[in-house]
């Protein structure tokens, strides 16, 4: 019988974390199940940092539906299967701390852990599941690249922010006859760039799945000039790369094996400079950055988060552990975490864009790609 559950939020923050937490807690309370927040992502499992969550008048989970961020924090570098330890002498080593976390779970009496996160979070969730922990995942990421689900929470809000930015850049570009480049997030998948380009009326969208030819992009702008349109709007995903080239890396972190240590960024200014040289039009880049993650979630994300949170609790009550809540064919469903990680089955292995990982990429037969092409949006090919 389910009596006590823990909720952890992990990875980069998104709008909607709190809406999912609220939905889990409210559903749990209707079934007399206690909820605890596991503070600062997987770190909280290791440090036994658990906080009671309720929706009573002054409860921690009250009034958080529209609130951005995460009331229980998050972490972007806590792979407990290869955890960074700083020794007293300043030296650094990496240890498998998963057994300590599992002991803490048993000691505190958690009957299930909910993992709110993306590819890396759910990879660790799968690994804990293999080691006997009752886990249910909820797919989060603005990149919309978690496998086996049609949409992740936080994505719609990010697209909406990017669309508003494009609306504002459009007026400046048209007024000053400039090329306006907007760099958006999207490390290995171009969902944000593609959907924002369609919603924001952009002329060009460069995504990781389609290596771009800068000359073909410039030709699109020249063709617009010929019909009197002396400005263009370009959306570039941070993971976009030129034909024969590679992604643009801002720096490399050292957070150990099992997390993605590559920090992307900088492709926007490069594209802007190249297009200015090729077309003779002034070009300006805006990097949207963390604006996409923060703030209040859209109505769509609030509803999606509420659906995901209540479904996750339903799965727990039915003891359907080792699963991820998903949207499949437009309806709530669940899939085994094993399906989510695909061939990336090594315990503690790195997540994200490896040949073994199972990231959801934009495919060339996707309706968004077809729509973009029919609208005349140049995809760099």
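The values are calculated or read from the model by the stated rules, or taken from the named source; none is laboratory data. Model, not experiment: these values are computed from the prediction. For neighbour counting, all protein chains shown are included, and Cβ atoms are generated from backbone atoms with ideal geometry for every residue, glycine included.
Here are some notes:
- Candidate set: segment 268-285, residues that are assigned to a helix (DSSP H, G or I) and surrounded by fewer than 16 Cβ atoms within 10 Å (Cβ to Cβ); chosen: the one farthest from the chain's Cα centre (by Cα): 277
- Set 340, 303, 325: member being outside any helix (DSSP H, G or I) and at pLDDT 95 or above: 325
- All of 183, 174 fail the test of being in a strand (DSSP E or B), closer than 30 Å to residue 230 by Cβ and not assigned by TED's automatic domain parsing to the domain that holds residue 48, apart from 183.
- Of all residues making up segment 67-92, the number that are within 20 Å of residue 45 (Cβ to Cβ) and over 26 Å from the mean Cα position of the chain (by Cα): 2
- Among the residues of segment 192-235, the ones that are under 30 Å from residue 141 (Cα atoms), part of a helix (DSSP H, G or I) and either in contact with a helix residue (DSSP H, G or I) (Cβ under 7 Å, 6 or more places away or on another chain) or outside the structural domain of residue 171 (by TED's automatic domain parsing) (or both) come to 9 in all.
- Condition check for residue 91: surrounded by fewer than 23 Cβ atoms within 10 Å (Cβ to Cβ), farther than 21 Å from residue 4 by Cβ and either modelled with pLDDT of 90 or more or assigned by TED's automatic domain parsing to the domain that holds residue 320 (or both): yes
- Considering segment 252-267, and only residues there that are at pLDDT below 70 and part of a strand (DSSP E or B), the residue that is surrounded by the fewest Cβ atoms within 10 Å (Cβ to Cβ) turns out to be 252.
- Residues considered: 63, 59, 11. Of these, the only one that is touching a residue at least 40 places away in the same chain (Cβ under 8 Å), assigned to a loop (DSSP other than H, G, I, E, B) and in the same structural domain as residue 121 (by TED's automatic domain parsing) is 11.
- Condition met for residue 238 (closer than 30 Å to residue 84 by Cα, buried (at least 23 other Cβ atoms within 10 Å of the Cβ) and at pLDDT 95 or above): yes
- Residues satisfying the criterion are present in segment 311-321 (criterion: free of Cβ contacts under 8 Å to residues at least 60 places away in the same chain and either closer than 27 Å to residue 209 by Cβ or in contact with a strand residue (DSSP E or B) (Cβ under 6 Å, 6 or more places away or on another chain) (or both)).
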